[in-house]
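What follows is a set of notes on a single structure, which appears directly below.
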Amino acid sequence: MLSKYRKSELIITDRLHGMIFAAITSTLCIALENYNHKIKSCSETLEHLKYIKYVENIYEIEENIKYLLSTEFEKYDNKFALNQFEQIKKELLSYEN
């Protein structure tokens with residue numbers, strides 16, 4: 001599945017895993033609001049990835065497609081996540097003592 005994402009120019013999805021796969025493969029993505037909070041919450045975590053656009057209104061799709069296709073973006077960098085995992089590790093180790 002990740003290979004399919006890498007080969008895609010742009011993904012439009014209302015599914016959380018679709019947005020996550022786009023993020024880690026550096027695939028341009030428009031993530032649509034859906035019936036639950038998952039995409040919105042995750043989009044806030046990934047807002048530093050400018051190639052992922054969260055939209056609440058379908059009328060925002062066209063302008064975001066134009067923006068994404070006309071802009072160059074840095075590839076995915078997992079440093080933001082590694083820092084969070086390091087904090088979790090420290091917390092867990094503090095419980096061993």
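Of the chymotrypsin sites (Phe, Trp or Tyr not before Pro) in region 27-70, the ones in a loop by DSSP (not H, G, I, E or B) with at most 10 other beta carbons within 10 Å are Tyr35.
Rolling a 1.4 Å probe over the protein heavy atoms of the chain, with every protein chain left in place, gives an accessible area that is 51 percent carbon and sulfur. Here the contact order of the chain, divided by its residue count and restricted to Cα pairs under 8 Å and six or more residues apart, works out to 21 percent. In the context of the full set of protein chains, residues of the chain present 75 Å² of accessible surface per residue (probe radius 1.4 Å, heavy atoms only). Charge dipole (Cα centre; +1 on Lys/Arg Cβ, -1 on Asp/Glu Cβ; no other charges) of region 1-77 amounts to roughly 380 debye. Exceedance of the 21 Å cut-off in Cα-Cα distance is limited, within the set Lys4/Lys75; Lys7/Lys75; Lys50/Lys89; Lys50/Lys75, to Lys50/Lys89.
Collect residues whose amide H, placed 1.01 Å from N in the peptide plane, falls under 5 Å from the amide H of Tyr54; neighbours closer than 5 in sequence don't count. Excluding prolines and chain starts, which carry no amide H, the hits are Ala31.
The values are calculated or read from the model by the stated rules, or taken from the named source; none is laboratory data. The shown structure was predicted, so the numbers you read here are calculated from the model rather than taken from an experiment. Backbone-built Cβ (ideal geometry, glycine too); neighbour counts: all protein chains shown. Note: accessible area is taken over every heavy atom of the protein model, side chains too, but ligands, DNA and RNA are not part of it. Shrake-Rupley method; radii C 1.70, N 1.55, O 1.52, S 1.80 Å.
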